[in-house]
Each structure stands twice: as C-alpha cells, then as structure tokens.
Amino acid sequence: MIWGTSSLNIVDTPGHADFGGEVERVIGMVDGAVLVVDAGEGPLAQTKFVVAKALKSGIRPILLLNKVDRPSVTEERCGEVESMVFDLFANLGATEEQLDFPVLYASAKEGWASSTFTKAPEGEPTMAPLLDTIVKYVPPPKCDLHAPFQMVVTMMEHDPYFGRILTGRIYSGTVKPGDRVHGIRKKEDTDVSETFNEGKIVKILKKKGVASEVADCAGAGDIVSIAGLAQPYIGNSVASVEVKEALPSVKVDPPTISMTFSVNDSPLAGKDGKQLTGAKIGDRLKAEEESNVSIKVLRSTSNDAYEVQGRGELQLGILIENMRREGFELSVSPPAVLYKTENGQKLEPIEELRIEVNDEHSGTVIESLTHRRAELLDMSPCPESVGRTTMTFTCPSRGLVGYRSSFSTITHGTGFMHRAFLSYDKFRGPVGNVRRGVLVSTAQGVITAYALMGLESRGTMFVPPGDEAYEGMIVGEHCRDADLDVNPVKAKELTNIRAPGKDENVKLTPPRLVTLEEAIGYVAADELIEVTPKAIRLRKKYLDSTKRKAAARKLSS
C-alpha cells in the first residue's frame with residue numbers, strides 16, 4: 001500500500017506454533033514488525049514463539065495494544081500488559097534498542113489507533129497514527145538498485161497458465177519481463193552453489209491490498225511474484241545469469257510429529273471419494289511439500305503409504321481436512337512424536353502450555369496433566385477475571401495429543417488453552433493411561449437401534465442407527481480399560497407370538513460423533529482413522545480379530 005511518499009509491504013503471519021514455517025519464511029522478507037496484543041489478555045504462549053523469531057533476526061517491534069475500547073480495559077491494565085511485554089522481550093534476549101519499543105492503542109473493530117490511551121479518539125476513526133509510526137520507526141530496506149538482480153524464494157504457488165509462481169523479496173537490483181535469470185541452490189550438505197533452470201521472466205506481479213497487479217518492473221526491497229521458471233523451490237535463489245552464488249536460505253525448525261497416510265482399504269472404501277489410489281495421494285502430498293516448507297513427505301516402507309512430518313496435529317489435521325474436501329479417501333495413523341538422540345540421551349519435544357480456567361477446575365486440570373508428564377511452572381489468579389486461575393506448564397508434545405477435547409470436557413467449555421513449542425529436552429518417561437478401551441464391531445452390515453439399545457450399558461456409542469459398520473470398525477468407547485468385541489448390526493428376531501414387553505419403544509442416548517480433530521488425538525497405536533469426503537470412522541489396523549490377537553501377542557513378547 002502507498003502511505004504518503006512511502007510504499008509499505010505488509011505481511012501477516014499466523015500466531016500458532018504449528019504454522020511456524022510460515023513465520024520463519026516471512027521474517028526474512030521484512031524490516032520491522034507490529035506486535036498486536038490483546039489489552040485484556042496480555043501476551044499468550046504463541047506470542048512468545050513469534051516474538052522470539054523476530055527478535056533473533058534483529059527486528060525492532062512496535063507494540064499495538066488492541067481492544068482498548070472494552071469496558072474492562074483501563075489505563076492501568078494497559079500499563080501492566082506493557083510491562084509483561086517488556087519482561088517477555090528481556091527474557092528472550094532483546095537488545096537495548098528493541099526494548100525501547102513504541103506503544104500504540106487501538107480498536108481494530110472500530111477502525112482507529114492512537115499514540116495515547118483513549119476509549120474513543122476525537123474526530124473520524126483512522127489508522128493514521130499506526131501507519132505514521134511504521135514509517136517513522138521501520139528502517140527503509142538496505143538494498144543496491146545498481147547491483148545484479150537477486151531474490152530468495154519464500155512462497156510458491158501454481159498458476160494453470162503461467163505455471164510456477166515464485167514469491168519473495170528482491171535483495172538487490174531490478175527486474176522486468178524478458179530478463180534472463182536462473183535458479184541457484186546449495187549442493188546437499190555443502191556450501192557450494194550450483195545454477196540450474198535458466199529462463200526468462202514472463203510476468204511480474206505486485207500486491208495492492210489483497211489483489212495482485214501486473215507490474216512493468218520491480219526493484220530492490222519490493223516483495224513480488226514472478227513467473228518463468230519451473231524448478232526453483234522455497235529457499236532457492238533466483239538471480240541474473242551473471243550471479244553464481246546463492247543467497248542465505250530460509251532456516252526452518254525441524255518437524256516434531258509424523259503421521260502415515262495410506263490407501264483406504266476398509267470394506268467401505270471407494271463409496272464416497274474419487275481420489276483413491278496411492279499414486280494420487282502421493283502426488284497431492286508432494287505438491288503440499290513443495291508449497292509448505294515446514295512439512296516433509298517420506299515414502300514409507302509399506303506399499304502406497306507416505307510418512308508426513310509436521311509441526312503439530314493441528315497443521316496435519318488441516319492438511320487431512322483439505323484432502324478430504326478435495327475428494328480423497330485415505331487411512332491415517334495416529335500422530336507419532338519425532339525423538340532426537342544427543343550424546344546417547346533420548347530427547348523429546350517439550351511444549352509450553354498456558355491455561356486459564358475457573359478456580360473449581362484448576363485441581364482437575366493439574367491432575368489430568370500430571371498423567372501426561374506435565375510440570376507446573378506458575379499458578380496465579382487471573383488479573384482481569386475474578387474466580388479464574390492462570391497456570392503455566394511444560395509438557396511433552398506426545399502428552400498433549402488429543403488433550404484439547406478432554407480439556408473442554410473437564411472445564412465444561414469454560415477454559416482457554418494456548419500451547420507453543422519450547423525445546424527438545426530429556427525424555428520424561430511413559431504417559432499414563434489417558435483413554436479407556438473401545439467397542440469393536442465383529443460383523444458387517446447396517447447398525448440397528450435394537451443392537452445399540454443392548455450396548456448402551458457397555459459404554460458410549462460413536463455411531464447412530466442406520467450407519468454402516470464392518471468387522472474391526474470402532475463403534476464406541478468401552479466403560480472399562482480393555483477392548484470389547486460387539487455386534488452392532490444384530491436385528492430383532494421376528495416371531496408370530498405377541499407378548500407384553502415385546503414391542504417396547506427403543507430410546508437411545510444420542511451418539512458422540514467424533515470430529516477429525518478428536519479422532520487424531522483419540523486413536524491408539526493399533527488403530528487408524530478412515531477419512532472420506534462424507535465420513536470420519538475409527539477402525540483397528542487389523543480388521544480380523546485373529547490377526548489383532550496375534551499382533552498383540554507379538555508386541556507383548
């Protein structure tokens with residue numbers, strides 16, 4: 001956007017740590033940052049993750065306290081939040097210059113910002129103070145317009161007409177359609193640069209607001225999208241043909257969990273989706289890997305299966321949901337944590353967990369997290385809400401898989417939970433039993449109300465009458481720790497004898513319908529999630545009960 005005599009490139013970043021790859025790519029494209037903090041809540045766990053990346057790269061943030069128009073937000077509260085942000089910066093190793101950050105007050109809902117605390121500024125609502133502060137405190141790009149053209153690819157997309165569209169910030173020089181360029185990359189595990197895929201620029205696009213406009217030329221400091229090269233990947237350099245050395249590439253934190261995507265081989269496979277084969281699934285995952293630098297796809301040892309590594313179950317859950325909407329059918333394994341070994345010691349990813357709950361739920365939450373190997377760091381009353389408690393934990397990533405749904409149940413939907421990756425630390429030992437056994441179907445057919453009526457005393461059902469079931473499919477949660485084989489398709493035997501009580505009405509408790517997010521955290525190591533465009537089903541890895549028992553004996557031995 002144009003503000004006064006300045007051209008501003010504004011890039012938004014996601015706050016959740018699962019999408020840290022997006023943050024790491026964007027940090028290299030900008031010279032400043034605006035840290036938006038809720039004036040009532042203060043900085044959250046994911047705020048720490050994003051701020052740490054910005055401070056490490058030398059960026060001087062501008063603090064914007066949002067939602068100051070709320071009745072509960074006072075000038076004293078804003079001062080407390082400002083002190084919390086200052087302490088956060090100091091703990092993250094900020095320099096003296098970074099600690100001397102400007103502070104603005106705003107209401108995004110009302111569309112205004114102010115350099116002084118106010119509930120409603122005089123005159124027309126405007127964001128001019130924010131834009132003026134950006135122009136004043138964010139330094140202009142340090143670039144050489146007369147040097148050869150160089151750019152690092154930070155984002156990538158596909159256009160059906162122009163092919164691969166490469167987006168990044170121009171490091172030096174100028175570029176226009178028709179210029180000869182090539183890609184440059186580092187050879188694997190070396191610092192030696194190599195050139196590849198020479199071609200010419202076909203099209204240059206610049207952002208204006210949320211829309212893209214064709215540009216005749218672009219210079220150093222601009223964030224542009226170019227078309228014309230088919231091979232450069234995220235982290236590679238694109239430069240004029242006389243340049244032979246690659247620019248520093250984007251460094252991304254390693255993935256922390258993995259899930260295996262494979263062909264859906266259940267008896268109900270092929271009824272809902274159109275993309276069914278392993279080749280189709282592999283092509284889609286490879287395309288995702290190209291456009292998302294924080295995801296890695298590896299070919300699994302089994303046929304038509306791929307190991308997908310990412311930052312968290314939320315990131316991989318969104319990928320699964322997108323594939324489901326695109327018509328894919330697949331089987332997905334439960335998330336597995338990626339461990340490290342350093343100096344002969346096993347390390348696992350540890351996350352920081354910040355929780356806000358009602359006082360009466362704090363004891364139950366602490367107990368539930370203790371079973372998941374969490375450690376309580378801090379516990380204090382919530383400053384802006386009477387009867388609420390704020391707690392900070394560190395917990396292994398494996399212990400938090402599937403915890404969100406349990407947390408909602410424990411707190412009756414009144415709790416808030418924020419989590420962010422902290423570091424790799426010493427393995428904390430096995431997690432306690434956090435789930436009961438399951439009810440496993442022994443027959444294939446249509447589920448009947450008559451059968452479910454007899455099974456309700458055995459546990460909680462996941463399926464309603466009229467749905468299809470098959471052998472090995474999970475139809476409910478057992479009330480005990482062991483799995484139980486049941487027959488949910490059993491029909492009522494018809495006779496020609498009428499007797500009192502034979503025709504009683506069937507009254508069933510509504511089933512607990514499992515969402516994709518709940519399923520990812522619920523399934524055990526010997527189970528799979530069957531994902532189709534119309535259904536989410538849980539099943540055993542081995543559908544036949546004999547094979548399940550043999551696998552269990554082999555595992556125990």
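The values are calculated or read from the model by the stated rules, or taken from the named source; none is laboratory data. Note that the structure is a prediction, hence the values are computed from the model and not measured. Please note: Cβ atoms are built from the backbone with ideal geometry, for glycine as well, and neighbour counts cover all protein chains shown. Surface areas here come from the heavy atoms of the whole protein model, side chains and all, with no ligands, DNA or RNA. Shrake-Rupley method; radii C 1.70, N 1.55, O 1.52, S 1.80 Å.
Descriptive notes on the structure:
- Among the residues of the stretch 243-271, those identified as surrounded by fewer than 18 Cβ atoms within 10 Å (Cβ to Cβ) and out of contact with any helix residue (DSSP H, G or I) (no Cβ under 9 Å at 6 or more places or on another chain) are Lys244, Glu245, Pro248, Pro254, Asp265, Pro267, Ala269, Gly270, Lys271.
- Cβ-Cβ under 6 Å pairs, at least 6 apart or on other chains, the stretch 530-555 side at negative phi and of a type in the set (Gly, Ala, Ser), far side part of a helix (DSSP H, G or I) and surrounded by 13 or more Cβ atoms within 10 Å (Cβ to Cβ): none
- Selection within the stretch 118-134 - within 27 Å of Ser7 (Cβ to Cβ) and either touching a Cys at 6+ places or on another chain (Cβ under 9 Å) or among the small types (Gly, Ala, Ser) (or both): Gly123, Ala128
- Pick from the stretch 398-427, criterion of a type in the set (A, V, I, L, M, F, W, C) and not in a loop (DSSP other than H, G, I, E, B), ranking: farthest from Val50 (Cα to Cα): Ile410
- Subset of the stretch 289-303 that is at pLDDT 80 or above and in contact with a helix residue (DSSP H, G or I) (Cβ under 6 Å, 6 or more places away or on another chain) - its residue that is farthest from Glu530 (Cα to Cα): Ile295
- Residue in the stretch 1-33 that is modelled with the lowest pLDDT, counting only those that are open to solvent by less than 60 Å² (accessible area, probe 1.4 Å) and among the acidic types (Asp, Glu): Asp18
- Test set (1) under 17 Å from Pro248 (Cβ atoms); (2) open to solvent by less than 10 Å² (accessible area, probe 1.4 Å) - Ser193 fails condition number: (2)
- Strands (runs of 3 or more DSSP E) within the stretch 248-332 that include 2 or more residues basic (Lys, Arg): 296-299
- Members of the stretch 466-490 found to be among the charged types (D, E, K, R) and either surrounded by 18 or more Cβ atoms within 10 Å (Cβ to Cβ) or over 18 Å from Met453 (Cα atoms) (or both), listed by number: Glu471, Glu477, Arg480, Asp481, Asp483
- Residues of the stretch 398-453 that are open to solvent by 40 Å² or more (accessible area, probe 1.4 Å), under 19 Å from the mean Cα position of the chain (by Cα) and among the basic types (Lys, Arg): Arg398, Arg404.
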